[in-house]
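Structure, as structure tokens:
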Amino acid sequence: MIELKNLNKTYKTSDHEIVALNNVNLTIQDGEIFGIIGPSGAGKSTLVRCINLLERPTKGDVILDGQNLVRLRQKELLKTRRSIGMIFQSFNLFSQRNTLQNVCYPLEIAGVGKKEAKARALKLLKLVGLADRQKSYPSQLSGGQKQRVAIARALATDPKYLLCDEATSALDPQTTQSILNLLKEINQTLGVTIVVITHEMKVIDQICDRVAVIDSSGIAEVGTVAELFLNPQSETAKELILPASQHAQKKLGSRMLRVIFNGEASEQPVVAELVLSCQAPVNIMFADTKDIDGKAYGQMLLQLPEDERQAEKVIAWLRANNMQFSEEVSQ
């Protein structure tokens, strides 16, 4: 388990201080995939680097399985870091080493024998789907393949935790999906706890169990992905989940309803039935729904008719059909 307690990180310049993290408290349970999401400059990367003390906190504690990393001596810290793998957006592979040699590198640093290190590296390359590219150099690999090598290297010392700092940001959508599937497989088969740093809600939605929203150097809210998706509390979370809502309201000045689909039958034509029953036109301004095992999960932003009586008929229909919704308040 990872525990961050009252974590602060401040950078000092010649004339002022920059607060990167402000009183962050988080608990990440063993075996889960935990997401940390927020806008650029919110402190995401600083936070994940504080977990393995690549960045040393100005104040606060980083507790890993009951051990406070902040209080460890350098030799003890280096040993403990073997249980924490890390992958980056830019892959950080050695260009002069082939795939197999890149994966072997952390094992060499740990003093593992060449024969054992090679056997471990080959096993990991098979796991990430690159068993046939062991002699290829980074320049001969695609972006997705490079990230797979980086994942194999991060797993070389058999870590309990894997930190992913914007690991899919430089990849195209199809490659991103394959990497996310691989991370999920690693979590399920090896039991590795994964921390995912991202600015993309679709990454959180596809892979994470719980998520923390970070903004202005602090934690805005924490919850399961379903809780965040269906009922975001902070303004930052609302903007990440429904980025079109505020813009639409300002532009149109109309009443908007945020309709939540929380397990309704996906074949049910809700909007069509609403329009036919109420004889009232509604405009779909934004939609993000997913079919999971035949049920619909997600949300829709509907612009109500200008006619007040028609608008009230729509609201009454939603209530009568036990639909979860809320009216978006114009700013």
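The values are calculated or read from the model by the stated rules, or taken from the named source; none is laboratory data. Computed from a predicted model, the values in this text were never measured in an experiment. When we count neighbours, we look across all protein chains shown, and the Cβ atoms used for this are built from the backbone with ideal geometry, even at glycine.
Condition (residue is exposed (fewer than 14 other Cβ atoms within 10 Å of the Cβ), of a type outside the set (Lys, Arg) and within 19 Å of Met201 (Cα to Cα)) applied to the stretch 283-305: is it met by at least one residue? Yes, there is a match, as at least one residue in the stretch 283-305 is exposed (fewer than 14 other Cβ atoms within 10 Å of the Cβ), of a type outside the set (Lys, Arg) and within 19 Å of Met201 (Cα to Cα). Filtering the stretch 52-86 to residues that are in a helix (DSSP H, G or I), touching a residue at least 12 places away in the same chain (Cβ under 8 Å) and of a type outside the set (A, V, I, L, M, F, W, C) leaves Thr80, Arg81, Arg82, Ser83.
In the set (1) modelled with pLDDT of 95 or more; (2) surrounded by fewer than 16 Cβ atoms within 10 Å (Cβ to Cβ), the condition left unmet by Lys79 is number (1). Taken across the stretch 110-127, residues that are under 30 Å from Arg71 (Cα atoms) and either part of a helix (DSSP H, G or I) or without any contact (Cβ under 8 Å) to a residue 24 or more places away in the chain (or both) do occur, with at least one present.
Of the residues making up the stretch 123-133, those that are of a type outside the set (D, E, K, R) and surrounded by fewer than 17 Cβ atoms within 10 Å (Cβ to Cβ) are Gly129, Ala131. Residues in the stretch 15-51 that are of a type in the set (S, T, N, Q) and either touching a Ser or Thr at 6+ places or on another chain (Cβ under 9 Å) or touching a residue at least 60 places away in the same chain (Cβ under 8 Å) (or both): Asn22, Asn23, Asn25, Gln29, Ser40, Ser45, Thr46.
Identify the residue in the stretch 13-49 that is in contact with a strand residue (DSSP E or B) (Cβ under 8 Å, 6 or more places away or on another chain) and charged (D, E, K, R) and, among all such residues, is surrounded by the most Cβ atoms within 10 Å (Cβ to Cβ).
Lys44
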